[in-house]
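Q: Got a structure for you, written out below as structure tokens; questions coming shortly.
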Amino acid sequence: MTTCSADIEVGAASVSMSEMERRPLTDEKGNRSCRARYIAPAAITVLLLGLCIGVGVVFSLVKPASRSTQTLALEHPYPGMLVATPVETRVEVPTLQEYEDAMEKLDLGAVMADITDLLTSSKDWWPADFGNYGPFFVRLAWHCSGTFRKTDGAGGCAGGRQRFEPEASWEDNTNLDKARALLAPIKAKYGIGLSWGDLFVLAGTTALRSMGTPLKQFCLGRIDDPDGSKSLPLSPSAIQKEVAPCAGSANGLCQDHPNETNLASTTLGLIYVNPEGARGIPEPANSVDEIRITFKKMGHDDRATVALIGGGHAFGKAHGACALPDAAGLPPKKAYPSSPLQCPWSGRCGTGKGNDTYTSGLEGAWTSTPTQWSNEFFKYLIEKEWEKHIGPGGHYQWRMKDSPQDPRMRFTTDMALLYDMSYKAIVEEFASNLTALDEAFDFAWATLTENGKGWSSKHKCYTLSPPDKNRMLNSDGPEP
């Protein structure tokens, strides 16, 4: 193991890099190994487009690497949109040396403090659920990192490629353009020393810690890519068909023959599995094998799988405000070429934001405290009887049979954890032992976010002090 030491401050909480790295990173095939002892981030040239505020604002884009400077007129822009989800297919990035030199000077504590301030600074153009962007940023980090598959080492958050096609337009990444846009001012403030990939994961990690999750490590050093080409093997494309074909009779059944493909997801365009059930059929038992195959290909065993699913669902809510066709709006790949140019994912349910948000089409929170770490997800999963029904978004989801008006819900894939002996035993353990969940989720989150290629040889890992519960961000959730 490599040894290093450093101290930074995050508000009143101390953050230090340990004398001994608690966990190593993984190599490009997903094998765990120590790489280096110094910070080595990645970066991207900051596109100072200013903040879009209002209708018909005109923007002059920084000259990208692929085409000349152009001017765009937007009908309904939101701040940071063109920085966080560029119209251009390729942007300029700093040299590796420029990036590493800037990363050496990055004040990680200051970045974390700015993210913490942002969490409860809800914006009218995209209001925070329960007054807290924490769960939104957790989803951002999760979906950026969860593309990794150990079968061929593709994917992972290094590269920051979620800003580009094809990832920007994946169904599973609906509305994450707003999460990236919320972070754009922080990216601009810290410049090339803070890569987009590091910022996405740091936002999720900081959010989790602010909500009481005892995460102990964060690593810097993800090198940003100038485009999304390295994600083509993950998505519907000619390259994907060659290197990771759907090994089933239809999309949604891509893991019918898992040993015949590098692909990890069951459905092209989704990160993991269909939350409504295999092929949208709400039969929990049918999702068990899909969950195990997908998460194993991502590098997780049963314990980490259950910790990530239930621990992640301690927070936030799903969004399915209405059952209109194409309720989420247009993905970037369709919104940007339209005339006039439109904002991506402009939802069609009411205002398209806040309580009118449409993302997955399923609706509701998993717990009564969606901005606080707990094991309530597991307790209610085993203690309550659940029944399936069609939610307001027109999709199957599950509610408590004895309290059908209770806003808490479960996905079919959540219910699947009760239909396998190994998974159920872990659910029962986490329901009765929060410390066991703490430790399992901490390790699983580090594995999830640190997997993949694209790291600088001078990356640096910090050991973080326990979250200060006196400074946790609390907001009221839905009433039971």
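Coordinate-derived values only; no laboratory data. Note that the coordinates shown come from a computational prediction; the quantities given were computed from them, not determined experimentally. Quick reminder, even Gly has a Cβ in these numbers, built from the backbone with ideal geometry, and neighbours come from all protein chains shown.
Q: From the phi angles alone, apply the Karplus equation (6.51, -1.76, 1.60; θ = phi - 60°) to segment 326-332 and give each ³J(HN,Hα) in whole Hz, x where the residue is Gly or Pro.
A: 6, 4, 6, x, 7, x, x
Q: Which net charge results for the neighbourhood of Trp125, defined as the other residues with beta-carbon distances under 9 angstrom from its beta-carbon, given Lys and Arg at +1 and Asp and Glu at -1?
A: On the way: positive: Lys123, Lys178, Lys353; negative: Asp124.
For residues surrounding Trp125, the net value is +2.
Q: Hey, can you rank 268-277, 212-221, 154-163, 400-409 by average C-beta count inside 10 Å, highest first? Don't skip to the answer; put the middle values down first.
A: Working: 268-277: 21.2, 212-221: 22.8, 154-163: 28.0, 400-409: 14.3.
The packing order, highest mean first, is 154-163, 212-221, 268-277, 400-409.
Q: Would you mind calculating the relative contact order of segment 292-445 from Cα pairs under 8 angstrom and at least 6 residues apart, reporting the percent as a whole number? Numbers along the way, then the final one.
A: Numbers: 262 pairs, mean separation 42.2, N = 154.
Once divided by the residue count of segment 292-445, the mean separation gives 27 percent.
Q: Can you list the aspartates and glutamates whose alpha carbon sits under 13 Å from that of Lys401, skipping same-chain ones fewer than 8 residues off?
A: In chain and number order, the partners are Glu383, Glu385, Glu387.
Q: Shifting gears a bit: Within straight cross-link reach of Lys353, meaning Cα distance under 20 Å, which aspartates and glutamates are found once same-chain residues fewer than 8 apart are removed?
A: Qualifying aspartates and glutamates at Cα under 20 Å: Glu75, Asp124, Asp129, Glu171, Asp172, Asp177, Asp326, Glu363, Asp476.
Q: Considering only C-alpha atoms, what is the centroid distance from segment 155-182 to segment 270-341, in Å?
A: With segment 155-182 and segment 270-341 each reduced to a Cα centre, they are spaced 14 Å.
Q: Quick one: Ser338, Ser368, Ser432, fewest Cβ neighbours within 10 Å first, how do they rank? All intermediate terms of the calculation are to be shown ahead of the outcome.
A: Values: Ser338 10, Ser368 17, Ser432 13.
The fewest-first ordering by Cβ neighbours comes to Ser338, Ser432, Ser368.
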